[in-house]
Amino acid sequence: MSDDIVREPVTGEGYAVASLDGLGEGWGFRKIRTGLDLKEFGANAIVLPPRYEAGPHFHDEQEELYFVHAGLIELLFHESEPQRLGPGGLARVDPTTVRRLRNIGHEDAVVLIVGGKGGYVGRDGRMPEGEPRAGGPIAD
C-alpha cells in the first residue's frame with residue numbers, strides 16, 4: 001500500500017478518489033461532479049476569498065446541501081437575517097429559494113455544495129457476502 005495521499009483524480013472499477021486541491025487552484029469552483037464522474041447528483045466546492053460575496057442564485061429543480069469545511073460564512077435568503085455558519089455548518093436550500101453566500105472571515109472559506117432531485121433512495125447499504133465483521137480497530 002502506498003503512503004502517498006491522493007491529489008489528482010484516480011479512478012478504478014466502480015470508484016474515483018481525489019482531493020479538492022487536485023481539482024483546481026486558487027479561489028473559485030472545484031467541479032467535483034466532473035472530477036469524480038458523479039452520475040446521480042451534483043457536487044461542487046467553492047473556495048471564497050476573505051471578505052467576498054458571491055452573487056445570488058436559485059435553481060429550477062435541484063435542492064442543495066451546503067457543508068462548510070473551513071472558514072466563516074453567511075447565507076442570505078431573500079430578505080431574512082443572514083445565517084452564520086462555521087466549520088461543520090450545514091444548510092439545506094429549496095430549489096427556488098434565492099440564496100447568496102458570503103465569506104465574512106479573514107481566511108479562505110471552503111464550502112461543499114451537493115445538489116439533487118428525485119428523492120431519497122433509503123437505506124440500501126449491505127455487507128458483502130462472507131464479510132466476517134462490520135468494522136472495528138485497525139490491526140497493526
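Restricting to the range 64-87, and then to whatever is in contact (Cβ under 8 Å) with a residue 40 or more places away in the chain and of a type in the set (A, V, I, L, M), can you tell me which residue is nearest to Thr97 (Cα to Cα)?
Of everything passing the filter in the range 64-87, Leu65 is nearest to Thr97 (Cα to Cα).
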I'd like the residue in the range 20-30 that is loosely packed, with under 14 Cβ neighbours inside 10 Å and not small (Gly, Ala, Ser) and, out of all such residues, is farthest from the chain's Cα centre (by Cα).
Glu25
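Return yes when Arg84 is charged (D, E, K, R), part of a strand (DSSP E or B) and over 22 Å from Tyr120 (Cβ atoms) and no when it is not.
On the way: charged (D, E, K, R): yes; part of a strand (DSSP E or B): yes; over 22 Å from Tyr120 (Cβ atoms): yes.
Yes: the conditions hold for Arg84.
Out of Ile73, Ile5, which single residue is surrounded by 15 or more Cβ atoms within 10 Å (Cβ to Cβ) and either modelled with pLDDT of 95 or more or within 30 Å of Asp140 (Cβ to Cβ) (or both)?
Details: Ile5 fails: surrounded by 15 or more Cβ atoms within 10 Å (Cβ to Cβ).
One residue alone meets the criteria, Ile73.
When you go through Leu48, Leu65 one by one, which is the residue that is surrounded by 15 or more Cβ atoms within 10 Å (Cβ to Cβ) and farther than 13 Å from Gly115 by Cβ?
Numbers: Leu65 fails: farther than 13 Å from Gly115 by Cβ.
Matching residue, one of Leu48, Leu65: Leu48.
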Only listed residue being among the charged types (D, E, K, R), in contact (Cβ under 8 Å) with a residue 60 or more places away in the chain and either assigned to a loop (DSSP other than H, G, I, E, B) or under 20 Å from Glu107 (Cα atoms) (or both), chosen from Glu8, Glu61, Glu25, Glu40:
Glu40
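Conditions (1) surrounded by 14 or more Cβ atoms within 10 Å (Cβ to Cβ); (2) in contact with a Cys (Cβ under 7 Å, 6 or more places away or on another chain); (3) basic (Lys, Arg); (4) at negative phi, marked per residue:
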site	(1), (2), (3), (4)
Pro95	no, no, no, yes
Val98	no, no, no, yes
Leu101	yes, no, no, yes
Gly115	yes, no, no, yes
Asp124	no, no, no, yes
Met127	no, no, no, yes
Glu131	no, no, no, yes
Gly135	no, no, no, no
Ala139	no, no, no, yes
Within the range 106-117, can one find any residue that is at pLDDT below 95 and of a type in the set (Asp, Glu)?
no
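Do we have Gly88 as surrounded by fewer than 10 Cβ atoms within 10 Å (Cβ to Cβ), within 21 Å of Ile32 (Cα to Cα) and small (Gly, Ala, Ser) here?
Details: surrounded by fewer than 10 Cβ atoms within 10 Å (Cβ to Cβ): yes; within 21 Å of Ile32 (Cα to Cα): yes; small (Gly, Ala, Ser): yes.
Spelling it out, Gly88 is indeed surrounded by fewer than 10 Cβ atoms within 10 Å (Cβ to Cβ), within 21 Å of Ile32 (Cα to Cα) and small (Gly, Ala, Ser).
The values are calculated or read from the model by the stated rules, or taken from the named source; none is laboratory data. Just so we're clear, the structure is a prediction, and the values are computed from it rather than from any experiment. For neighbour counting, all protein chains shown are included, and Cβ atoms are generated from backbone atoms with ideal geometry for every residue, glycine included.
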